[in-house]
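Just below is one structure, and these are the notes that go with it.
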Amino acid sequence: MADRRRKPGFETLAIHAGQEPEAVTGAVVVPIFQTSTFAQEAVGKHTGYDYARTANPTRTALETCLAALEGARWGLAFSSGMAASDAVAHLLSAGDHVVMGDDVYGGTYRLFARVFDRLGVALSPVDMREPARAQRAMRKKTKLVWIETPSNPLLKVLDIAALAEIAHKGGALALVDNTFASPYLQQPLKLGADIALHSTTKYIGGHSDVVGGALVGNEPELRSRLAFVQNAAGGVPGPLDAWLVLRGAKTLALRMERHSANAQAVAIWLHEHPKVLRVNYPGLASHPHHDLARRQMREFGGMVSFELRGGEAAAKRMAARTEIFTLGESLGGVESLIEVPLPMTHASVRGTKLAPPAGLVRLSVGIETVGDLIGDLAQAIG
Ligand SMILES: *Cc1c(COP(=O)(O)O)cnc(C)c1O
């Protein structure tokens, strides 16, 4: 007999947390509650649901599941990763200051540098690979330390525990954008972070068919402040989108295992290729923070970037030639994608010191047959 005291494992939680059979019909899968409002028995006497911006049962199931996957007390789902980031930014006031990694997701940088700067929130981007630099960037008014690891597109790995400690000593919140790793590979709250953020568009959704975001954490007071913003600003996912993300989450563990194994094999193959100058993958012993990645990650994920000899022209040529790897932005789906960051995802930082190397190619390694993926890269690299 199963030991009832045993804490459920990740895969069990992914399939069952927040997803008991539905009370009225016994439906095994959480229904899509496609409704904007809920009937009340008497004024103010309702089931806990009154209006679907505030709460919707499909979204509640997703929020419960995402919290469980991070080992957290609460989760909040949003209409996109950026809507989740925006909710966090709304915790700040004019005069506050944010310390942020210098190669975070471009949209995150844009939100703080071009929207919240006008509202008086100051920003310091720093290379956080050396935690002492983050320490030096802290000010009296620093309220938030924004950590993204592994980073995009260079797969830099940051020390979550050390950076969370620096944030807390300075009286700031520590947030980790956990999109690249997913909760299966990395659990930032257990390393001291206050909030883990996800673009669920990527690995958690996992099938390139939905845009979504999430925040998870433990502190109840933080939850109530963020839930207030979620409802006040209204960046919530519709029930169908919440359902798609929840369905994706069920197979997250299986997919991340295969993404990681395929990416490791691809990274090793690239590492040995004469046309490749350098491979960025935390699973390679040559990665400068391989040991740190081993400490804070279960495996190393599906994202790989590499620099080709021949610069941007060579990178563009290769990206146009692949047949299984689809040329496109985004990441984290079952299908493999290839892109050239400088003219594509990172075009907005071209010409600045944040620009990625011109010959950089980024892969989102999918879960296809690994030999087919390597064969495709081999014919495309030319
Ligand atoms: C895609 C992404 C985001 C933004 O999420 P959207 O769902 O596109 O709004 C934020 N952070 C990272 C690391 C991402 O890859």
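Using only alpha carbons, the range 10-249 has a radius of gyration to Kirkwood radius ratio (Rg to Rh) of 0.99. Sorted largest first, the spans of the alpha carbon positions of the range 24-101 along the three principal axes are 49, 32, 21 Å. Using the Cβ-Cβ distance between Glu22 and Lys45 with R0 set to 22 Å, the FRET efficiency works out to roughly 0.50. Of the solvent-accessible surface of the chain, computed with a 1.4 Å probe and all protein chains present, 54% belongs to carbon and sulfur. Restricting attention to the chain, the count of lysine pairs at 8 or more positions apart or across chains with alpha carbons under 21 Å apart stands at 12.
Average accessible surface for the chain: 44 Å² per residue, computed with a 1.4 Å probe over protein heavy atoms with every protein chain in place.
Between Gly213 and Phe78, Ser79, Ser80, Gly81, Thr200, the built amide H atoms are under 5 Å apart, and every one of these is 5 or more places off in sequence or on another chain. Contact order, relative form, for the range 146-238: 20 percent (alpha carbon pairs under 8 Å, 6 or more residues apart, mean separation divided by residue count). Just to confirm my numbers, what's the Cα centroid distance between the range 72-139 and the range 327-370 in Å? Cα centroid of the range 72-139 versus Cα centroid of the range 327-370: 22 Å apart. Contact order for the range 92-141, expressed relative to its length and based on alpha carbon pairs under 8 Å spaced 6+ residues apart, stands at 48 percent.
Each residue of the range 347-355 is assigned a 3J(HN,Hα), and the resulting list reads 4, 5, 10, 4, x, 9, 6, 8, 5 Hz, derived from the Karplus form 6.51 cos²θ - 1.76 cosθ + 1.60 (θ = phi - 60°), x at Gly and Pro. The order of the peptides 17-25, 156-164 by mean Cβ neighbours within 10 Å, most packed first, is 156-164, 17-25.
Put Asp127, Asp291 in order of accessible area, highest first, and with a 1.4 Å probe you get Asp291, Asp127.
The values are calculated or read from the model by the stated rules, or taken from the named source; none is laboratory data. No experiment lies behind these values; they were computed from the predicted model shown. Cβ coordinates were reconstructed from backbone atoms using ideal geometry, including for glycine residues, and neighbour counts include every protein chain displayed. Calculation scope for accessible area: heavy atoms of the full protein, side chains included, ligands and nucleic acids excluded. Shrake-Rupley method; radii C 1.70, N 1.55, O 1.52, S 1.80 Å.
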